[in-house]
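Where a number appears in this text, it was derived from the coordinates with a stated rule and is not lab data. Please read all numbers here as calculations on a predicted model, not as lab measurements. When we count neighbours, we look across all protein chains shown, and the Cβ atoms used for this are built from the backbone with ideal geometry, even at glycine.
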Amino acid sequence: MPTFQPVRGMRDLLPEDAEALNNVIATTRETAKLYGYREVITPVVEPYELLSAKSGEEIRQRMFTFKDLGDRMVALRPEFTASIARLATTALRNEPKPLRVFSVGSVYRYDEPQRGRYREFWQANFELIGSSMPEADAEVLLLTNSVMKTLGLRNYSFKIGHVGVIRGILSQENVDDTIQNLILQRMDKKEYDEAFKLIEQEKCREVLQGLSALKGATPFETAEKIRQYVAGYAKAEAAANNLIEILQLATAMGCPIGTVDAAFARGLEYYTGMIFEVNVPELDVALGGGGRYDKLIEIFGGEPTPAVGVAHGLDRIVLAMQTQKLRSPIQRKKTAVVIPVKQELRAEALKLAQMLRDAGVSVEFEVMGRKMAKALEDADKRKVDYAVIVGERELKEGTVVVRDLAKREQTTVDIAKLAAKIRD
C-alpha cells in the first residue's frame with residue numbers, strides 16, 4: 001500500500017500546532033468583540049466571477065479553480081473581502097452603517113511553498129463598511145496593533161502607503177485603468193523599472209520615479225514630502241492629506257508606524273486609499289495587511305459604499321511567536337487522567353471522570369487496560385498534569401489519590417474537593 005502525504009503546500013497541524021493556531025484565533029476573536037465586530041461565516045467555495053472581479057492578475061493566476069457538477073466555474077477563496085462585499089450587497093445590505101464584520105478560516109493560493117507561505121493558510125479578517133472617515137482607517141490599524149500587543153509580539157512595526165497618491169497622478173496623466181493595475185502589480189513585486197516602462201508619458205514616468213525615491217527621517221516627514229511633491233495633482237494631494245490625517249490618529253494612540261512608502265503597493269486591484277502591512281524583523285513576510293476599498297461593493301451591485309479592512313495571517317503570526325519564543329497569552333488549563341486500580345472499579349472511576357468534566361476539568365480516562373506503572377508512564381510522556389488513582393479503600397472513605405506528575409508527589413484528596421484541587 002502507498003504511504004500518502006499531504007498535497008504540496010498543504011499541511012497537517014498536529015496537536016501542539018493546532019493549539020498554537022487556535023490560541024491565536026481566540027485572541028483575534030476576543031479583539032473582534034472588543035472593537036464591536038460580529039462574526040460571519042462564508043463559504044470556502046465561491047463563484048469564480050466573484051473572486052476574480054478585482055482581485056488582481058497575480059491572485060487570479062494563483063486561484064484553485066474548477067468546474068462543479070453543474071458546469072459552473074468556481075474557486076476556493078483566496079481571501080475574504082470579496083465574500084464580505086457580496087454579503088454587503090445581499091443579506092447585510094439593510095444593516096445599519098457602519099457595518100463591522102469579522103471572519104476566520106482557511107484560504108487558498110497556488111503560491112510556491114516556502115517559510116511562512118503555504119497554499120492553504122489561515123486568516124482572521126476584519127471589515128469596516130460604510131465610513132469614508134480617516135477614523136475608520138485608523139481603527140483597523142489600532143485593531144491590528146491590539147492583536148499584536150496582546151500576543152506579546154516584539155519589535156513589530158507598520159508600513160503604510162496610499163494607493164490614491166499613485167492613482168491620482170496616473171489618472172490626471174490619463175493613464176488607462178488597465179495599465180494602472182499592471183503598474184501597481186509590478187510595484188507590489190518591487191519591479192519598479194518594469195512598472196515605469198509601462199508608462200508612455202515621459203513626464204508621468206519621471207514624477208512616479210521621483211515619488212518612489214522620497215524618504216524621510218520620520219513617517220510624518222516622508223508623508224509631508226509626498227504632499228509637497230504631488231502639489232498640482234488634485235486627487236494625489238487629497239490622498240496625501242488623508243494619509244497624514246490617518247497617521248496623526250494612529251500615532252496618537254501609540255500605533256508603531258515604522259515607515260511611510262510612497263511607492264508601496266499591494267497585489268489586490270480593489271484598493272483605493274490607505275494600505276498597510278505589519279512586520280517583525282525575524283520574518284521577510286508580512287504578518288497582516290489591508291487597506292481601503294471604496295468601489296468594490298458598488299462593482300458587486302450594491303450602493304456606492306466606502307469600506308476598509310485588514311487580514312491577519314494567522315500561520316505567520318504563530319511562526320513569529322515561535323521565532324520570538326513567545327507563549328500564548330491564553331493560559332493552558334490543568335489536565336488529569338483517571339486510572340482505576342482494578343477493572344471492578346471502572347464504573348465508579350468513569351463517574352468520577354465525568355464529575356470532573358462537569359466541573360470544567362480536562363480529563364482523560366485510562367482506556368487501554370494497562371497496569372498502573374505503564375498508565376502513569378504514558379500520562380507523564382504526554383505531559384498530563386495529574387493522575388487521579390481510584391482505589392477501593394479510598395473510595396469507601398470518599399477519597400482518591402492524586403499524583404502530581406511533574407513534582408512526583410501524591411496526596412489523598414476528598415472527592416468533594418478534587419476539582420478545586422486540580423484547577424487551582
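Spin-label model, residue 49/residue 13: points 7 Å from Cα along the beta carbon direction are separated by 3.4 nm. Once the C-beta distance of residue 72 and residue 235 is scaled by a Förster radius of 30 Å, the resulting FRET efficiency is 0.15 to the nearest 0.05. Extending 7 Å from Cα along the Cβ direction at residue 295 and again at residue 409 yields two label points whose distance is 6.9 nm. What is the distance in Å between the Cα centroid of the stretch 389-424 and that of the stretch 69-140? The two parts, judged by their Cα centres, are 50 Å apart. Based on DSSP H assignment, which helices of the chain show an axial Cα extent of at least 20 Å together with a mean Kyte-Doolittle hydropathy greater than or equal to 0.5? Result, helices passing both filters: 234-252.
Mean separation of Cα pairs under 8 Å and 6 or more residues apart, divided by the residue count, gives the chain a relative contact order of 16 percent. Here are some pairs, 333/383; 333/417; 54/97; 149/295; 159/215; 149/325; which of them have Cα atoms lying more than 20 Å apart in this structure? Listed pairs above 20 Å: 54/97; 149/295. Between residue 367 and residue 115, full extension at 0.36 nm per residue minus the direct alpha carbon distance yields a gain of 86.8 nm.
Look at (i) 1.24; (ii) 1.04; (iii) 1.00: the one that is Cα Rg over 2.2 N^0.38 Å derived from this structure is (i).
Take the Cβ atoms of residue 358 and residue 191, set R0 to 60 Å, and the FRET efficiency comes out at 0.50. Please list, by residue number, everything in the stretch 110-127 whose backbone N is under 13 Å from a paramagnetic label point 7 Å out along Cα→Cβ of residue 64. The answer is 110-111, 118-122, whose backbone nitrogens lie closer than 13 Å to the label point. With the simple model of a label 7 Å out from the Cα in the direction of the Cβ, residue 377 to residue 155 spans 4.5 nm. Extension gain, residue 218-residue 396: 0.36 nm per intervening residue step, less the Cα-Cα distance, totals 56.7 nm.
Given R₀ = 41 Å, FRET efficiency for residue 323-residue 200 by Cβ-Cβ distance, to 0.05? Plugging the Cβ-Cβ distance into 1/(1 + (r/R0)^6) gives 0.35.
Taking each DSSP H run with n ≥ 4 as -39500 (n - 2.57) and averaging over every residue of the chain yields -12000 deg cm²/dmol at 222 nm.
Ordering 350, 249 by the number of other Cβ atoms within 10 Å of each residue's own Cβ, fewest first, gives 350, 249.
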